[in-house]
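Peer 1: Can you read through this structure? Questions will come right after.
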Amino acid sequence: MSTTYLEAIREGLWEEMERDPNVFCIGEDIGEYGGAFKVTAGFLEHFGAKRVVDTPISEAAIAGASIGAGLMGLRPVAEMQFADFISCGFDQIVNFAAKCRYRWNASVPMVVRSPSGGGIHGGPFHSQNPEMWFVRTPGLKVVCPATAYDAKGLIKSAIRDNDPVLFFEHKALYRKIKEDLPTGDFTVPIGKAKVVREGRDLSIITYGAMVWTALEAAETLAKEGASVEVVDLRTLVPLDRELICESVRKTSKVLLLHEDTRTGGLAGELAATISENVFEYLDAPIVRVTAPDTPVPFSPPLEEAFLPNAEKVVEKARWLYRY
Amino acid sequence: MTAKDSAFAPLVYYPLNPKLEVNPMSAVEATGAETHSASTAAGSPQAELAHKCLYYMLLMREVEDRIERKLYRQGKVLGGVYVGRGQEAIPVGSALVAVPEDVMFPSHRDMAVFFIRGVSARRVLAQYMGRLGGLTRGRDGNMHMGDMSVNVVSIISALAATVPVAAGAALALRYKGIPGVAFSYFGDGSTSRGDWHEGVNFASVQKLPVVFICNNNQYAYSTPLNLQMACANVADRGPAYNMPAEIVDGNDVLAVYEATRRAVAHARGGQGPYLLECKTFRMTGHSAHDAAHYVPKGLFEEWGKLDPIVRIEKRLLDENWGTQEEIDELHAAVTREVDDAVAWAEQSPYPDASTLLDDVYESQ
């Protein structure tokens with residue numbers, strides 16, 4: 001039976017809670033209501049209020065309480081109702097959680113789950129991709145799964161990790177994609193990227209929902225004779241620099257793609273990494289396709305113009321292919 | 001409970017990173033320091049408590065005096081130095097109530113909490129000097145330190161940030177069925193922060209075992225109370241959270257002790273959090289570089305008369321809990337202990353620059 005991206009996260013969370021009594025969920029509306037997106041529907045009935053903690057609208061308290069519980073040896077899984085609201089708990093995450101181990105050797109095993117991304121007409125406060133705020137904070141791990149398999153495997157790895165993990169779930173994927181998942185326990189390692197389509201002529205390096213955009217573009221380009229490789233980063237911290245460089249060495253042309261805005265987006269770091277390590281292999285300038293440096297607009301024509309899509313990727317990739 | 005006889009309960013906590021070989025000692029591991037037992041006084045439990053209070057207040061005063069008035073001026077302590085001179089009764093009177101299962105969240109003027117949990121003056125001084133012997137091995141300075149093996153959580157500079165973390169620790173205690181209480185320390189200024197209110201509200205809604213201990217020293221850096229809050233007392237904030245709140249003389253260590261016992265009994269009994277406002281006065285500037293010219297004339301003199309150490313010494317004599325000779329000997333013992341601690345800390349090496357990249361993650 002096929003499992004959606006949302007069900008995969010839910011299954012992973014459920015199985016970890018069954019496996020380890022120290023795992024519990026905390027967040028807004030996650031109990032009786034089952035969460036804004038219903039990821040935790042049925043959890044309260046099964047696991048009880050002790051392990052499914054409904055909180056006031058207090059992101060700093062959700063993040064802070066998770067830190068306190070993590071320090072005491074529990075494994076909290078906090079839900080930010082929308083990734084956009086994570087800024088309300090920012091200090092707790094970037095100053096408290098991220099720095100405990102380095103400063104005083106304290107483990108803070110906690111996962112912050114955040115539905116991120118646009119394409120659902122959510123407007124400026126329900127569509128953002130805030131991952132880079134955390135990517136540049138040493139001490140945090142950042143995970144952005146693109147498939148149901150990875151979502152399940154990575155949520156399990158995140159829960160078992162002894163460091164704080166930011167887990168970004170692309171909300172446009174929740175019910176849009178599904179696949180058959182193996183039965184039984186499996187995990188996906190944090191920090192490992194994956195080549196999801198092999199190619200020879202150019203590499204598209206991306207993550208999250210844009211993996212599907214890249215695959216769609218690759219399919220179109222294949223008809224034009226271009227063999228496109230697609231690399232799904234899966235984890236932004238730690239970044240799999242080895243696989244990125246390996247792909248560039250193979251194709252010598254690279255297009256960096258993300259839904260996040262341009263300046264300070266991951267593409268800049270990827271471009272620098274490629275330039276520092278495999279510059280000699282490049283046969284063309286590094287190309288970026290990203291959202292522009294604006295807030296995420298609401299109205300459909302504006303949001304469509306804002307979001308990268310296969311058409312925009314194809315256009316840039318075609319130029320790169322012919323370079 | 002003294003530093004020496006504390007037998008810490010088998011709480012589940014993560015061991016130190018095995019990668020970290022430079023300084024694998026836990027907070028209470030013997031540094032060889034001769035710690036004064038503070039219980040030489042025969043007699044009533046009250047006499048013993050008074051002696052203990054005096055010892056820890058003297059130790060905190062002496063360590064902080066050395067740091068602020070000597071080592072800082074000699075350039076041996078760098079960075080910000082914030083002391084709790086005149087406010088020692090608050091950490092001492094409260095932390096002496098704690099049992100090993102309790103989780104402490106001392107703020108930046110609560111050094112005595114560390115001593116009471118068994119952390120030696122040697123390690124505290126090494127921490128201030130940026131040495132390997134400090135609890136953070138040079139990664140952080142001053143009171144920014146903690147050790148989960150003795151259930152002490154480190155503050156961060158945005159002080160109120162520990163308040164929701166304390167609520168989370170209390171949640172974990174209840175989750176695990178451990179009858180412990182979280183001791184959450186903060187100043188008057190912290191109560192203006194959003195995360196203070198979020199943490200207190202969450203603790204109240206969940207009826208978590210937290211004792212919120214406010215050191216109201218009437219200044220947040222240079223900002224006086226009337227620019228900090230519109231209510232007269234921090235305790236006035238309690239009723240809004242359906243939380244008992246009590247005002248106590250923060251310069252009377254035995255009063256703080258008794259009030260903390262009431263607060264802890266409430267919290268440990270499953271009745272939810274309790275707010276304790278300890279009224280005191282900051283007898284210094286915000287930090288060592290601040291001359292506090294903004295404090296109206298006369299206030300330091302007025303509050304100086306209420307010094308908690310002078311008061312407990314007078315009480316000790318008045319109640320016949322001890323003699324002047326015993327008090328003098330305690331002063332001398334503390335001086336010796338701190339002399340030794342300074343020497344030990346100065347001999348502790350600086351961290352090697354090659355360790356800069358270690359321990360950002362558990363495995364990296």
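Peer 1: Within region A:158-231, which strands (runs of 3 or more DSSP E) (wholly inside it) include 1 or more residues that are more than 22 Å from A:Thr290 (Cα to Cα), in contact (Cβ under 8 Å) with a residue 40 or more places away in the chain and within 14 Å of another protein chain (Cβ to nearest Cβ)?
Peer 2: Strands (runs of 3 or more DSSP E) meeting the threshold: A:165-170.
Peer 1: Give region B:169-180 a look and list any residue that's free of Cβ contacts under 8 Å to residues at least 40 places away in the same chain and either in contact with a strand residue (DSSP E or B) (Cβ under 9 Å, 6 or more places away or on another chain) or within 19 Å of B:Ser94 (Cα to Cα) (or both), or say none. Talk me through it step by step, then tell me what you get.
Peer 2: At the first step, the residues of region B:169-180 found to be free of Cβ contacts under 8 Å to residues at least 40 places away in the same chain are B:171-172, B:174-175, B:177.
Within region B:169-180, B:Leu171, B:Ala172, B:Tyr175 meet the criteria.
Peer 1: Of all residues in region B:257-312 being out of contact with any Ser or Thr (no Cβ under 7 Å at 6 or more places or on another chain) and assigned to a strand (DSSP E or B), which is farthest from B:Leu171 (Cα to Cα)?
Peer 2: Of everything passing the filter in region B:257-312, B:Lys279 is farthest from B:Leu171 (Cα to Cα).
Peer 1: Something else about it: Could you list all residues from region B:181-191 that are within 14 Å of another protein chain (Cβ to nearest Cβ), of a type in the set (S, T, N, Q) and either without any contact (Cβ under 8 Å) to a residue 60 or more places away in the chain or in contact with a Leu (Cβ under 7 Å, 6 or more places away or on another chain) (or both)?
Peer 2: B:Ser190
Peer 1: If you don't mind, another one. Return the pairs, sorted by first residue and then second, in which the second residue is assigned to a helix (DSSP H, G or I) and surrounded by 17 or more Cβ atoms within 10 Å (Cβ to Cβ), the first residue lies in region B:74-103 and is at pLDDT below 95, the beta carbons are less than 8 Å apart, and the residues are 6+ apart or on different chains.
Peer 2: B:Val81/B:Ile67; B:Val81/B:Glu68; B:Val81/B:Tyr128
Peer 1: Could you please tell me which pairs satisfy a Cβ distance under 6 Å, a separation of 6+ or placement on different chains, a first residue in region B:247-262 that is closer than 12 Å to B:Leu96 by Cα, and a second residue that is surrounded by 17 or more Cβ atoms within 10 Å (Cβ to Cβ) and among the hydroxyl-bearing types (Ser, Thr, Tyr)?
Peer 2: B:Val256/B:Ser94; B:Thr260/B:Ser94
Peer 1: Could I ask something else about it? Can you report the number of residues in region B:229-256 which are more than 24 Å from B:Ile312 (Cα to Cα), crowded, with 18+ Cβ neighbours inside 10 Å and out of contact with any Gly (no Cβ under 6 Å at 6 or more places or on another chain)? Give the steps one after another, and end with the answer.
Peer 2: First, pick out the residues of region B:229-256 that are more than 24 Å from B:Ile312 (Cα to Cα): B:229-245.
Filter again for crowded, with 18+ Cβ neighbours inside 10 Å, leaving B:234-235, B:237-238, B:241, B:243-245.
Pick out the ones that are also out of contact with any Gly (no Cβ under 6 Å at 6 or more places or on another chain) and you get B:234-235, B:237-238, B:241, B:243-244.
Qualifying residue count for the region: 7.
Peer 1: Just to be sure, is B:Arg109 closer than 20 Å to B:His286 by Cβ and more than 7 Å from chain A (Cβ to nearest Cβ)?
Peer 2: Numbers: closer than 20 Å to B:His286 by Cβ: yes; more than 7 Å from chain A (Cβ to nearest Cβ): yes.
Judged against the criteria, B:Arg109 is a match.
Peer 1: Same structure, new question: Among what's in region B:151-161 and is assigned to a helix (DSSP H, G or I) and buried (at least 24 other Cβ atoms within 10 Å of the Cβ), pick the residue that is nearest to the other protein chains (Cβ to nearest Cβ).
Peer 2: The first filter runs over region B:151-161 and keeps only residues assigned to a helix (DSSP H, G or I), leaving B:159-161.
Filter once more, keeping what is buried (at least 24 other Cβ atoms within 10 Å of the Cβ): B:160-161.
Working: B:Ala160: 9, B:Ala161: 5 Å.
Top of the filtered list is B:Ala161.
Peer 1: Need at least 3 residues that are away from chain B (no Cβ under 13 Å) per element, so show me which strands (runs of 3 or more DSSP E) inside region A:34-150 make the cut, counting only ones lying wholly within it.
Peer 2: Filter on region A:34-150 gives A:111-116.
Peer 1: Turning to a different aspect of this structure: Examine region B:88-99 for a residue that is of a type outside the set (A, V, I, L, M) and touching a Lys or Arg at 6+ places or on another chain (Cβ under 8 Å), and state whether such a residue exists. Give the steps one after another, and end with the answer.
Peer 2: We begin by selecting, within region B:88-99, every residue of a type outside the set (A, V, I, L, M); these are B:88, B:91, B:93-94.
Retained after the next criterion (residues that are touching a Lys or Arg at 6+ places or on another chain (Cβ under 8 Å)): B:88, B:91.
Scanning region B:88-99, I find at least one residue that is of a type outside the set (A, V, I, L, M) and touching a Lys or Arg at 6+ places or on another chain (Cβ under 8 Å), so the answer is yes.
Peer 1: Hey, any hits in region B:179-188 for a residue that's surrounded by fewer than 21 Cβ atoms within 10 Å (Cβ to Cβ), assigned to a helix (DSSP H, G or I) and touching a helix residue (DSSP H, G or I) at 6+ places or on another chain (Cβ under 9 Å)? Break it down into steps so the answer makes sense when it comes.
Peer 2: Here is the first cut: in region B:179-188, the residues surrounded by fewer than 21 Cβ atoms within 10 Å (Cβ to Cβ) are B:179.
After this cut, where a residue has to be assigned to a helix (DSSP H, G or I) as well, the list is none.
Checking region B:179-188: not a single residue is surrounded by fewer than 21 Cβ atoms within 10 Å (Cβ to Cβ), assigned to a helix (DSSP H, G or I) and touching a helix residue (DSSP H, G or I) at 6+ places or on another chain (Cβ under 9 Å).
Peer 1: Return only the number of the condition from (1) of a type outside the set (Lys, Arg); (2) free of Cβ contacts under 8 Å to residues at least 12 places away in the same chain; (3) facing chain A (nearest Cβ under 7 Å) that B:Ala166 does not satisfy.
Peer 2: Going through (1) of a type outside the set (Lys, Arg); (2) free of Cβ contacts under 8 Å to residues at least 12 places away in the same chain; (3) facing chain A (nearest Cβ under 7 Å) one by one, B:Ala166 breaks only (2).
Peer 1: Checking B:Arg193 against (1) closer than 29 Å to B:Asn242 by Cβ; (2) crowded, with 24+ Cβ neighbours inside 10 Å, which test does it fail?
Peer 2: (2)
Peer 1: Here are the criteria: (1) assigned to a strand (DSSP E or B); (2) out of contact with any Pro (no Cβ under 9 Å at 6 or more places or on another chain). Tell me which single one A:Phe24 does not satisfy.
Peer 2: With respect to (1) assigned to a strand (DSSP E or B); (2) out of contact with any Pro (no Cβ under 9 Å at 6 or more places or on another chain), A:Phe24 is out only on (2).
Peer 1: Can you pull out the residues in region A:274-305 that are under 22 Å from A:Leu233 (Cα atoms) and under 20 Å from the mean Cα position of the chain (by Cα)?
Peer 2: Listed by number, the residues that qualify are A:Arg288, A:Val289, A:Thr290, A:Ala291, A:Pro292.
Peer 1: Looking only at region B:318-332, how many residues end up being farther than 22 Å from B:Ile90 by Cβ and either surrounded by 14 or more Cβ atoms within 10 Å (Cβ to Cβ) or touching a Pro at 6+ places or on another chain (Cβ under 7 Å) (or both)?
Peer 2: Total satisfying the criteria: 3.
Peer 1: Let me ask something else. Which residues, counting only those in region A:269-302, are among the small types (Gly, Ala, Ser) and under 15 Å from A:Asp240 (Cα atoms)?
Peer 2: So in region A:269-302, the residues among the small types (Gly, Ala, Ser) come out as A:271-272, A:275, A:284, A:291, A:299.
A:Ala271, A:Ala272 - these are the residues of region A:269-302 that are among the small types (Gly, Ala, Ser) and under 15 Å from A:Asp240 (Cα atoms).
Peer 1: Name the one entry in B:Gln206, B:Gln218 that is over 29 Å from B:Lys52 (Cα atoms), touching a residue at least 24 places away in the same chain (Cβ under 8 Å) and more than 7 Å from every other protein chain (Cβ to nearest Cβ).
Peer 2: Details: B:Gln218 fails: over 29 Å from B:Lys52 (Cα atoms).
Within the list B:Gln206, B:Gln218, the selection yields B:Gln206.
Peer 1: Here is a follow-up. Restricting attention to region A:52-62, report how many residues are crowded, with 19+ Cβ neighbours inside 10 Å and touching a helix residue (DSSP H, G or I) at 6+ places or on another chain (Cβ under 7 Å).
Peer 2: Adding up the residues that qualify gives 7.
The values are calculated or read from the model by the stated rules, or taken from the named source; none is laboratory data. All of these numbers come straight from a predicted model, not from anything done at the bench. We place every Cβ from the backbone using ideal geometry, glycine too, and count neighbours over all the protein chains shown.
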